[in-house]
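Accompanying notes for the structure given below.
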Amino acid sequence: MKLRRAEISDIGRIKELLYQVHKVHSDGRPDIFRPGAKKYTEGELLEIIQDDARPVYVAENTNGIVSGYAFCLLQEVKDDKSCQDMKTLYIDDLCVDEKSRGEHIGSALYHYVCDEAKRLGCYHITLNVWELNPSARKFYEAMGLKPLKTTLEHIL
């Protein structure tokens with residue numbers, strides 16, 4: 001498996017994976033997520049992949065096919081009145097192809113993102129996990145993540 005920064009040539013495959021991860025969300029919470037949609041257009045993906053503040057990392061299998069991705073966002077707090085200065089790498093979206101699950105691609109990708117965050121001088125990695133996806137939460141807990149804060153809702 002090869003772990004690397006995403007390239008423009010990966011966009012087609014990333015689009016396929018975006019549908020997979022969106023389906024998990026729209027099946028679990030159709031009141032929030034539109035069925036059949038995906039998070040980004042091709043133009044947005046092109047822009048994101050070229051943006052160093054929004055790195056996308058991919059896992060490429062031995063056949064050269066992208067089998068997972070991690071969309072990240074560099075965030076920085078500086079000169080805040082109440083919080084320490086710090087740089088964070090936020091994982092906005094992490095997906096492993098449903099056909100490749102169980103092959104440790106997710107953990108390899110996560111550890112690669114950790115190494116990149118260290119290289120970029122980040123203090124920590126953060127992410128959100130939807131309650132509709134207990135397997136994702138279990139995966140992140142197995143990677144050593146712990147709750148930082150909780151978002152609660154009351155549907156009206």
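The values are calculated or read from the model by the stated rules, or taken from the named source; none is laboratory data. The shown structure was predicted, so the numbers you read here are calculated from the model rather than taken from an experiment. All Cβ positions, even for glycine, are placed from backbone atoms using ideal geometry, and neighbour counts span all protein chains on display. The area values use the complete protein model at the heavy-atom level, side chains included, leaving out ligands, DNA and RNA. Shrake-Rupley method; radii C 1.70, N 1.55, O 1.52, S 1.80 Å.
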Magnitude of the charge dipole, region 68-139, Cβ model with Lys/Arg +1 and Asp/Glu -1, debye to 20: 180 debye
Sorted largest first, extent of the chain alpha carbons per principal axis (Å): 48, 43, 33
Sites matching GluC sites (Glu not before Pro) across region 121-155 that sit in DSSP coil, with at most 13 neighbouring C-beta atoms within 10 Å: GLU131, GLU153
Packing rank of 108-114, 38-44, where each peptide gets the mean count of other beta carbons within 10 Å, highest leading: 108-114, 38-44
Cα centre as origin, Lys/Arg/Asp/Glu Cβ charges: region 1-155 dipole, Debye: 320 debye
Residues with amide H under 5 Å from that of THR126, placed H, sequence gap 5 or more: LEU89, TYR90, ILE91
Candidate residues TYR123, TYR140: accessible-area rank, largest first, probe 1.4 Å: TYR123, TYR140
Sparse-neighbour loop sites [trypsin sites (Lys or Arg not before Pro); region 84-123; at most 15 other C-beta within 10 Å; DSSP]: ARG101
Spatially near lysine pairs across the chain, Cα under 22 Å, sequence gap of 8 or more or different chains: 24
Region 1-118, accessible surface, carbon-and-sulfur percent (1.4 angstrom probe): 48 percent
J(HN,Hα) series, region 80-91, from Karplus relation 6.51 cos²θ - 1.76 cosθ + 1.60, nearest Hz, glycine and proline x: 7, 5, 10, 10, 5, 5, 6, 10, 10, 9, 8, 8
Magnitude of the charge dipole, region 107-156, Cβ model with Lys/Arg +1 and Asp/Glu -1, debye to 20: 140 debye
Packing rank of 78-86, 63-71, where each peptide gets the mean count of other beta carbons within 10 Å, highest leading: 63-71, 78-86
Centroid-to-centroid separation of region 133-156 and region 98-123 [C-alpha atoms, Å]: 18 Å
Square roots of 5 times each gyration tensor eigenvalue, C-alpha, region 11-59, largest first, Å: 22, 11, 10
